[in-house]
Amino acid sequence: MPFTLLATTSVGSFPRPTWLAVTQRNQLTFRLEGAALAEAMDDATILALRELGLDILTDGEMRRTGFIFHIAGKWDGVDTEHLVTKPIYRNRAADRFVPRITGKIVRHGAASVSDLTLAKAHTTRPLKMAVPGPMTVADSALNEFYQDEAELAFDAAVALNGELRDLQAAGCTVLQIDEPAMTRYHDKVRAYGAKALDRCLEGITVPTIVHLCYGYPGGGSLQHQYRYEDLLPQLIATRISGFHVEFGRSAFDPKVLQSCGDRIVMFGCLDPGDSPVPAVEAVERRVGDALEWLDPRQVWLAPDCGLMTIGRQLAHAKLKVMVEAARRLRAKL
């Protein structure tokens, strides 16, 4: 389907209403249980769809306690109950409690199609749904089964391909694969990550974006030390439809986006953290710098990352600025 010029969208997560959950950074605790929680999640999803006002919507990920194991936690071979310490996480020394890979990864059914079905019942706008990428699944768990991390990633890719196919069949307009691990392990992308990403895409015909994420704001002082110059040329050889890149809170030169060819560029133009709301003119200039190197017909606008770590009022204000910057740029174009 044709998309609006400089279409506005979000990465995925949106702040939960306080009546649904208590949120501390990217950790949350739901306030309800059972049927009451399910109803509250539905209500929060409908509210997010109506509040966002973007051209390409997401469900706000109101049901997800995390972006990885909401999907991967449903597979055979993944133990999300008995967490263990992993000393190296996101390519740095960081003791993190993570799920375990205890057997061969096998998917038996959809994890997120019901989320899409609810959202589709409450909007006629295009919808985008996200799954984690295979490298990120491997990096976010402790492998106790596979002899080779590449084999783990390819089994995860097969499972993710099944999820993407089911979302596509259920009428999802745009698909997204979240891959923060790709930004930090360029050697692994070269060895097997790009091929695993391509395996996720078999039979997928709707536009599919890889979110080249650096994580939620505040997660480390050197979040953007790994640059896109080495990464994008490796991924352009895959079947991926486009790339989500972070320029809202980085000092990257948008000239690097020439490497994206004619693919979609979901351009991160907002800092998703607890920073002041930018001026419309500042966001307009930031996007304008990217348009020096890209055809505006291939560019979508988004925050750098999910917005779940900030308050709803601040998230709304930032998205409102992005939407207005898009409107002004369209008028000029």
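Observations, loosely collected:
- Scan of the stretch 39-62 for residues that are crowded, with 23+ Cβ neighbours inside 10 Å and charged (D, E, K, R), ordered by number: D59, E61
- Some residue of the stretch 5-17 being assigned to a loop (DSSP other than H, G, I, E, B), exposed (fewer than 13 other Cβ atoms within 10 Å of the Cβ), in contact with a helix residue (DSSP H, G or I) (Cβ under 8 Å, 6 or more places away or on another chain) and modelled with pLDDT under 95: no
- Selected residue [modelled with pLDDT under 95 and either under 28 Å from F14 (Cα atoms) or in contact with a strand residue (DSSP E or B) (Cβ under 7 Å, 6 or more places away or on another chain) (or both)] from P217, P132, P126: P217
Here is a yes/no grid of residues against (1) more than 20 Å from S10 (Cβ to Cβ); (2) assigned to a helix (DSSP H, G or I); (3) touching a residue at least 12 places away in the same chain (Cβ under 8 Å):
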site	(1), (2), (3)
D262	yes, no, yes
M266	no, no, yes
E284	no, yes, yes
T309	no, no, yes
K318	no, yes, yes
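- Selection within the stretch 174-196 - open to solvent by less than 30 Å² (accessible area, probe 1.4 Å) and more than 14 Å from the chain's Cα centre (by Cα): R184, Y185, H186, V189, Y192, G193, A194, A196
- Among the residues making up the stretch 89-116, those that are in contact with a helix residue (DSSP H, G or I) (Cβ under 9 Å, 6 or more places away or on another chain), within 17 Å of L142 (Cβ to Cβ) and open to solvent by 50 Å² or more (accessible area, probe 1.4 Å) are N91, R92, K104.
The values are calculated or read from the model by the stated rules, or taken from the named source; none is laboratory data. This structure is a prediction, so every number in the text was calculated from the model and none was measured. Cβ sites come from the backbone with ideal geometry, for glycine too, and all protein chains shown count toward neighbours. SASA here: full protein model, heavy atoms, side chains in, ligands and nucleic acids out. Shrake-Rupley method; radii C 1.70, N 1.55, O 1.52, S 1.80 Å.
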